[in-house]
Amino acid sequence: MKTVGFVGWRGMVGSVLLQRMQEENDFKNINPIFLSTSQPGKVGPIISGTIPTVLEDAYNIEILKSLNIIITCQGGEYTKKMFYTLRNSGWKGYWIDAASTLRMKDDTVIVLDPVNKHIIEKGINKGVNTFIGGNCTVSLMLMALGGLFVSNLIEWISVSTYQAASGSGANYMLELLRQMGALYSVVSKEINDSSVTPLCIEKKVTQFVRSKDFPIEFFNVPLAGSLIPWIDVDIGSGQSKEEWKAQEEANKILGFKRKILIDGTAVRIGSLRCHSQSFVIKLKQDISLVDIEEILLNHNQWVRVIPNNIKNTVHELTPTAVTGKLIIPVGRLRKLSLGNKYLSAFSIGDQLLWGAAEPLRRILKLLVS
Ligand code: NAP
């Protein structure tokens, strides 16, 4: 039985990974070791049917070297610090990672098996031993539009994303909730007092949000009642790194030498979980909406086509409807007035499931078997 080390298991991605592994009974096939960067010596997670063990030190090279597989959801700083030290020590085990640090390296495979199982299997056969989960919006875009990509129907995509606070990690999601609570508290009396005008309430809220008393420790700016049209660092061309990843990672996952062009604006919004994306797709040919729907549905078992009407859209194509589910709804499908080759689509996916934990869980299962 393979010994698998889990680093970063208490964060957003790590905790969803453990939840999914328990749901799928994956722990019965491995000997798990839980590690921590901040709490070695404390008690580890309770996994159904096992006694919690003491957490090992995630910075201890000797312990890491004793593992067959390491799966880390700890983040890029940890990967930068430990990966090369470990490999340089001669360790040849499998490294599975949620962070972006190693994604674009030539000797790694980005895993999203409903889209690139053939590339993953080729990698394993060639001796690749580093497997990385894709960027959340990229993986969700490929799960949603995979049929059009693999049918070679896309000329380019322009995308606007609407990304949840938990995409930045646990502390950011908690801060959004603190911000929401603070917003309510500051006008809790006035909103039930009919003698106070809505404009007065809005002014009081806006003044408070702009004051130094509003909690902005992690985001640095207000998110509740607002949005942030920049995610990740500036790569120097006016494009954010999150926006850069769309084209580069998508083409690597698909194994396309001739790149499909993808660009747009990535925006953080005040939803807790799930990333939404609005696409304008330039098709290579004019195909009917009926054919497009069939192509999307035939790609993988998790895609759902949501009829383009008000009722289905507002009930089935929202973060509230999709959170915690593996389904990938695609809706708002229509030809734009720009011309018959211009397709509009709107998609939502749980970024902690198909956007992060699920591809990692599935590559771990494959490597263990
Ligand atoms: P996270 O929630 O911030 O957790 C990462 C680590 O932060 C935890 O393992 C924990 O490490 C520490 N931590 C600090 N405060 C915490 C708190 N209040 N609650 C829980 N853990 C806390 O990060 P994440 O969102 O899971 O992301 C992990 C990696 O996956 C990153 O590289 C990220 O870019 C990538 N990723 C994230 C998403 C997403 O939607 N969040 C999607 C795709 C990829 P210790 O136990 O050692 O202290």
Legend entry - Residues listed by number, region 280-322, amide nitrogen under 13 Å from N152 label point at 7 Å toward C-beta: 284-285
Legend entry - Relative contact order [Cα under 8 Å, 6+ residues apart], the chain, whole percent: 19 percent
Legend entry - Relative contact order (percent, whole number), region 284-369, Cα cutoff 8 Å, 6+ residue spacing: 24 percent
Inset, instruction - Mind checking the full-extension length gain between M180 and Q39? Use 0.36 nm per residue of separation minus the Cα-Cα distance, one decimal, nm. - result: 47.8 nm
Inset, instruction - Ignoring everything but the protein chains, give the 1.4 Å probe accessible area of E23 in square angstrom, nearest 10. - result: 110 Å²
Inset, instruction - Could you state how much accessible area T197 has, in square angstrom rounded to the nearest 10, with a 1.4 Å probe and all protein chains kept in place? - result: 70 Å²
Inset, instruction - Apply 1/(1 + (r/R0)^6) to the Cβ-Cβ distance of K117 and S194, taking R0 = 51 Å, and write down the FRET efficiency to the nearest 0.05. - result: 0.25
Inset, instruction - Could you tell me which of rounded, prolate or oblate describes the chain, using a ≥ b ≥ c as the square roots of the eigenvalues of the alpha-carbon gyration tensor, with rounded for a/c under 1.5 and, failing that, prolate when a/b is larger than b/c and oblate otherwise? - result: oblate
Legend entry - Rounded if a/c under 1.5, otherwise prolate or oblate - region 88-234, Cα gyration tensor axes: prolate
Legend entry - Residues of region 26-117: accessible area per residue with a 1.4 Å probe, Å²: 48 Å²
Inset, instruction - Divide by every residue of the chain the summed helix terms, -39500 (n - 2.57) for each DSSP H run of at least 4, and state the resulting mean residue ellipticity at 222 nm, rounded to the nearest 500 deg cm²/dmol. - result: -11000 deg cm²/dmol
Inset, instruction - Give the ranking of W95, W244, W9 by solvent-accessible surface, highest area first, calculated with a 1.4 Å probe. - result: W244, W9, W95
Legend entry - Within a Gaussian network of the chain (alpha carbon springs, distance under 10 Å), most fluctuating of D232, D26, D350: D232
Inset, instruction - Would you mind telling me the share, in percent, of accessible area of the chain contributed by carbon and sulfur at probe 1.4 angstrom? - result: 53 percent
Inset, instruction - Starting from the Cα of F256, step 7 Å along the direction of its Cβ; do the same at Q207; then give the gap between the two resulting points in nm. - result: 5.3 nm
Legend entry - Beta bridges per DSSP with both ends in the chain, % antiparallel, nearest 5: 40 percent
Inset, instruction - Could you pull the accessible area for F34 with a 1.4 Å probe, rounded to 10 Å²? - result: 10 Å²
Legend entry - Accessible surface, region 273-349, averaged per residue in Å² (probe 1.4 Å): 49 Å²
Legend entry - Gyration tensor verdict on region 301-357 (Cα atoms; rounded if a/c is under 1.5, prolate if a/b is larger than b/c, oblate otherwise): prolate
Legend entry - Distance between region 128-173 and region 217-276 - C-alpha centres, whole angstrom: 10 Å
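The values are calculated or read from the model by the stated rules, or taken from the named source; none is laboratory data. Since we're looking at a predicted model, the values are computed, not measured. Note that each Cβ is placed from the backbone with ideal geometry, even for glycine, and that neighbours are counted across all protein chains shown. Ligands, DNA and RNA are excluded from the accessible area calculation, which covers all protein heavy atoms including side chains. Shrake-Rupley method; radii C 1.70, N 1.55, O 1.52, S 1.80 Å.
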